[in-house]
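Comments concern the structure below.
The values are calculated or read from the model by the stated rules, or taken from the named source; none is laboratory data. Keep in mind the model is a prediction, meaning the values are calculated, not measured. Because the Cβ atoms are built from the backbone with ideal geometry, glycine has one as well, and the counts that use them run over all protein chains shown. Surface areas here come from the heavy atoms of the whole protein model, side chains and all, with no ligands, DNA or RNA. Shrake-Rupley method; radii C 1.70, N 1.55, O 1.52, S 1.80 Å.
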Amino acid sequence: MAAPTAYSLIATDLDGTLLRGDDTLSDRSLAALMRVAQAGAEHLVVTGRPAPRVRPLLDDLGSTGLAVCGQGAQVYDAGADRLLWSVTLDRELAETALGKIEAEVGEVYAAVDQDGVDGLTLIEPGYLMPHPTLPAVRVERRADLWDRPISKVLLRHAHLTDDALAAAARSVVGSLATVTMSGPGTVELQPCGVTKATGLALAAEHLGLSPERALAFGDMPNDIPMFDWAARGVAMANAHPELKAVADEVTTSNEDDGVAVVLERLFGGPAGLGRQRVSRDAAVHAAGHASGHVPGHG
């Protein structure tokens, strides 16, 4: 069993991992993150959510921490309110990729996350947001999606499963983009070569941390690169089979504080703090004050 000091970086996905299905974080998980901070380790959220969807949480707290956003396409510095690093998806390549996918599977519905700290999430007619708590702006036609630089494209299909859509997209997209699946109803196109691991590596380098002492938690196939980068990867009980297959360990589900279960074992502290729930804003607030790095997705 690794000693508490074996890990100096704890990297967690949000949706389906650190957060419960109702977008809350339990007192038990919050206490575990506080113990991580007290032990001198850093906690970084590595999320598919774009920086603008994470920033309001950080702004409310006055945090100066980092967040890895947009599936690794963005490293956001909350203290400076700027992107330390970002990469965009070429919009012509995105249109070409969409055309190839639709030629393979028929009509798909698309959305985009615009680049930048003030970027919007735009959705075309027919697209349904898989995460209703995140704000989005509906546009009248697909061409409107390309008005500004984008960090990624989100896809949905009326009948295909996420696995089938992702597989079909990979078969035709090639080097035009990286295809990921980050949650129910969430198949995405990112800049080629960009993954959660690329963003996490940049953030870790900025903090002077190494993968040899990193522990990662996740629940979906988009977390596989992060698991490959970190010394140890822990999948949730509710995780996709592809992630479980490469994980070093499977913990309990996000609904049962699976992240806290592992952190308590490594960093100490009582288990069984109950299932009282706090709002994500309050949880982020407390965790941010404890560690200086504020939890921000999947």
Inset, instruction - At 1.4 Å probe size, with no ligands or nucleic acids counted, give the accessible surface of R170 in Å², nearest ten. - result: 110
Inset, instruction - Once you have the Cα-Cα distance between K244 and W146, take 0.36 nm times their residue separation minus that, and quote the gain in nm to one decimal. - result: 31.7 nm
Legend entry - Long-range HN-HN contacts of C192 with modeled amide H, under 5 Å: T178
Legend entry - Gain in span if fully extended, D256 to R170, counting 0.36 nm per residue against the direct Cα distance: 27.6 nm
Inset, instruction - Would you mind calculating the relative contact order of the range 91-190 from Cα pairs under 8 angstrom and at least 6 residues apart, reporting the percent as a whole number? - result: 31
Inset, instruction - Can you work out the accessible area per residue across the chain, with the rest of the protein chains kept in place, probe 1.4 Å, in square angstrom? - result: 38
Inset, instruction - Compute the distribution of all C-alpha to C-alpha distances in the chain, in bins of 5 Å from 0, and list the percent of pairs in each, rounded to whole numbers. - result: 1, 6, 13, 17, 20, 17, 12, 8, 4, 2, 0, 0
Inset, instruction - Using a 1.4 angstrom probe on the protein heavy atoms only, line up D162, D248, D113 by accessible area, largest first. - result: D248, D162, D113
Legend entry - √(5λ) per eigenvalue of the Cα gyration tensor, the range 91-190, largest first, Å: 19, 15, 13
Legend entry - Student exercise, the chain dipole from Lys, Arg, Asp, Glu Cβ charges, in Debye to nearest 20: 380
Inset, instruction - With unit charges on the beta carbon (Lys/Arg positive, Asp/Glu negative), name the residue among H159, A235, A6 whose Cα is farthest towards the positive pole of the charge dipole of the chain. - result: A6
Inset, instruction - Summarise the accessible area of the range 52-204 (1.4 Å probe, protein heavy atoms) by the percent that is carbon and sulfur. - result: 52
